[in-house]
Each structure stands twice: as C-alpha cells, then as structure tokens.
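First the structure, in the form of structure tokens, and then the observations on it.
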Amino acid sequence: MFVSRSGGSDGSAASSRGAAARASILHADLDSFYASVEQRDDPRLRGKPVIVGGGVVLAASYEAKAHGIRTPMNGRQALRLCPHAIVVPPRMSAYARASRAVFEIFRDTTPEVEGISIDEAFLDVGGLLRIAGSPVEIARTLRERVRTEVGLPISVGVAGTKFLAKVASAVSKPDGLLEVPPGGELDFLHPLPVERLWGVGEVTARTLHEHGITRIGQLAELGEKGLSGLLGPAAGRHLYALSWARDPRRVDTGRRRRSIGAQRALGRRTRTPEEIEAYLSGLADRLGHRLRAADRVCRTVVLRLRFDDFTRATRSHSLPAATDHGRVIDQAAHTLLTAAMPMIRERGLTLIGLSLTNLDDAHTMQLTLPFEPRPDSTLDTTLDQLRDRFGAGTVTRAALLHRGEGLSVPLLPD
C-alpha cells in the first residue's frame, strides 16, 4: 500500500523545493516481528491468529490483533478473546537472525542508519537521489528487498523529520508505505488522535480527553501555555512542538544506548521472596555481562515491577560512583527490592525488571586508589569468559537451578 498525503499550497516554490530536499528520512518498522517470523517459517500459520509466548503475549499476528489481543496481555485473557488462536513458543535465535538480515539491507541501502530496536530503524537517504532515486523509490526498493530476501513484511514512513516518519510508518501498517510530502505535514498530522504523539501514554491521553482534546490539531490550537497548565511545562513544551511537526533531530549513526534492561514475566502464581530474589539476581548477572561486554559503566540501578492488577511501580538508586561490578549492581537491586517487598506482598507480582541507566564509556570512569585498570582475574571476568565461550546458561546461580534464566530477548548491540 502506498499513500501520499498532499497539501500546503501556501508556501513559495523555493521553500517547497527546500522542504523537498529535507523529506528524506525513512522509518522502517517490521510488522508484528516475532509473529511474522513464525508465519514465515511455518506456512500452516499464515493467515491465522498467532500468539507468540505462553503466560504473557510477546507478540501477536495482525489476525490475532483483530480480536483485541495486545502485548503484554496475559495469555489466558488473550485466549478468551480468541479461543482459536495458535500459541507458539518464542524462538529468540530465529528473531535475532532475521533482524541481522534486515539490518544488512538497511546498511546496504544507506550508511546513515540509526537502529531503534531489533525490528525498526531510521534511515537518512538524503544524499542518494542521483544514485538510488527519490526517498519514496528507495523505500519501495527496501520493502521489496526485505520481502524477497528475508521473507518479512515491513512498513516504511517517509518524511522530513524522524517523528513524522515514525508516525507515517505506524499509520501505513500493516505492510505499507506512506509519504508525508513537504507542505503537507500539518494536513497529515492534525487529524490524527493525540495518542500518536511521542509522550502521550494512557495517563496523559486521559487528561487530554477529559478536557475535550482528542485530535492533534486541537492540542496544537490550545497553545504551549495552555498545555503547560494541563500537563506541566516540560510535557507542554514537548507536545506543542510535536503538534506543529517540529523535530530538529537528525539520524544519529553514532548514538549509543542510554540504558540497558531486562525483565522476567512471573505469571500470576504467588512467588516466594526467595524466588523473586533469585530472579532479580539472574537479571543483574545478565545486565552486568552486557555492560562489561559493551565496555560501559552505569551510575543508576532501576527496579521495575508489575503487579497482579497490572499497575506498575518503578524504584531507582544512584550509586556513589559509576561501576560495572556485578556484586555492586546486584546489591543495589536487592536494596530496592527489599524496600518494595511490603507492596509486593500486598498486591502480588507478575513481572520484575531491572535497568541500568546513566551509562558512560568505561574508559571515562575515574579510577580510585591505587590507579589501576580493571583486573583480569575477577569473578566477573571469569564468568564473562565462560558465558561468551559456551553460552549464557553455562554458569548460573544455584538459586536459579530448575527455574531457568528466563527469556533473553534479542537486542541491538549495546
């Protein structure tokens, strides 16, 4: 599907030509990625409602989404909505291989690629007009290559800013191509629901709806001052700028991850404190390994909890100094968990997550006395070498025996 929204005839020809030169950012997003890989690899699943996951829905095909199934919905709830859905276990290695193949096509299309996750990226194709054609032609070729070479559907938005390109790809789904041409940005953006704006989640959307604001155009008309009164100065300023299609950010090929995280779904069965502590230690071990492999250090440890009523809570702790030591990270995580235990006992726990934020390169870390780099004979280093050589599950904590490490979701390089 290709959709082109036109409009905006009030600008001069010169300004239109200048804007056209800027409408060169693509947002490419694989459709229902995990489920699409399963349908690709098993022809019996094609055209049928597919759920990837068990206790929690990790992904759903568009046929399943048509019944109201969403991620991360409880698996039993999903099957009540669609009893004939086919549930398949996740195959993370297959998704990682598919992602690598797609990103090879991205980088073969242009060197200006900014990965957002394993199934989406921004591409700047502004310098390829004489080599590969217009941005729309490049997007069309990219979609065809992903379809024929990897066997997956992908939606692409084309626009002058990253924000508009991402919105365009979302509107074009599934398996679509949509261009927001220069001069037509507001004609495209303003009729859309406010939920399309980055930063508008359930709480913000509810606040806006309570004041009769359901469309982006209404939000734009309210003005920055009015929005700040409703949502606060920072959110008001951010959403007002986006509502007028203002987004100066360019595709950043050198951007490093600002945080890393992992989580584990626990289901609705009651877990003992010892079990929860074991799962948290497993997450800390996994993240510590990733942190050291990326040659980075963290300053803040964040604990994320989801309760039995699907509400969430976040707790964080900033360390005195940036670190990559597994024991320090694990101790900080357990300090947060201990403080949250009364709330967990009262409300139940269905998911636990851990994030490391305020990341920096390890070589920028201030050394403490004596001034020596990280030693090579630490427990962290030995465990890292074993996991790198023989696999993530080679060495595990005794508390995790018979409980498993949990799913390790494929990620972009840290």
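The values are calculated or read from the model by the stated rules, or taken from the named source; none is laboratory data. In this text, all values refer to a predicted model and were calculated from it rather than measured experimentally. Virtual Cβ from ideal backbone geometry, glycine too; neighbours counted across all protein chains shown.
For segment 50-90, a residue qualifies if it is surrounded by 14 or more Cβ atoms within 10 Å (Cβ to Cβ), in a loop (DSSP other than H, G, I, E, B) and at pLDDT 90 or above, and the qualifying residues are SER61, HIS67, ILE69, CYS82, ALA85, PRO90. For segment 218-239, residues that are farther than 22 Å from PHE188 by Cα, part of a helix (DSSP H, G or I) and free of Cβ contacts under 8 Å to residues at least 24 places away in the same chain total 7. Among residues of segment 165-179 that are in contact (Cβ under 8 Å) with a residue 24 or more places away in the chain and basic (Lys, Arg), those with a Cβ under 7 angstrom from a residue that is in a loop (DSSP other than H, G, I, E, B) and surrounded by fewer than 20 Cβ atoms within 10 Å (Cβ to Cβ), sequence gap 6+ or separate chain, pair up as LYS173/ASP31. Does VAL180 satisfy being of a type in the set (Val, Ile, Thr) and within 26 Å of ALA60 (Cβ to Cβ)? Taking the combined requirement at face value, the residue does not satisfy it.
Scanning segment 114-126 for residues that are surrounded by fewer than 17 Cβ atoms within 10 Å (Cβ to Cβ), modelled with pLDDT under 95 and in a strand (DSSP E or B) turns up at least one hit. Going by the conditions given, is THR335 outside the structural domain of GLY55 (by TED's automatic domain parsing), modelled with pLDDT of 90 or more, of a type in the set (S, T, N, Q) and surrounded by fewer than 21 Cβ atoms within 10 Å (Cβ to Cβ)? So THR335 passes the test.
The residues of segment 186-217 that are among the aliphatic types (A, V, I, L, M), under 17 Å from ALA170 (Cα atoms) and in a helix (DSSP H, G or I), listed by number, are LEU186, LEU189, VAL194, ILE216.
The residue of segment 211-229 that is modelled with the highest pLDDT, among those that are of a type in the set (A, V, I, L, M) and out of contact with any Leu (no Cβ under 7 Å at 6 or more places or on another chain), is ALA220. Of the numbered criteria (1) closer than 14 Å to GLU179 by Cα; (2) free of Cβ contacts under 8 Å to residues at least 60 places away in the same chain; (3) of a type in the set (Lys, Arg), the one ARG130 fails is (1). A single entry from SER377, SER316 fulfils the requirement of being within 24 Å of the chain's Cα centre (by Cα) and either modelled with pLDDT of 90 or more or surrounded by fewer than 12 Cβ atoms within 10 Å (Cβ to Cβ) (or both): SER316.
Residues in segment 263-278 that are hydrophobic (A, V, I, L, M, F, W, C) and in contact with a strand residue (DSSP E or B) (Cβ under 6 Å, 6 or more places away or on another chain): ALA265, LEU266.
One residue stands out among those in segment 34-49 that are in contact (Cβ under 8 Å) with a residue 24 or more places away in the chain and in a helix (DSSP H, G or I): the one that is nearest to ALA101 (Cα to Cα), which is VAL37. Considered as a group, the residues in segment 91-101 that are in a helix (DSSP H, G or I) and charged (D, E, K, R) include one that is surrounded by the fewest Cβ atoms within 10 Å (Cβ to Cβ), and that residue is ARG100. One residue stands out among those in segment 240-253 that are part of a helix (DSSP H, G or I) and not aliphatic (A, V, I, L, M): the one that is surrounded by the fewest Cβ atoms within 10 Å (Cβ to Cβ), which is TYR240.
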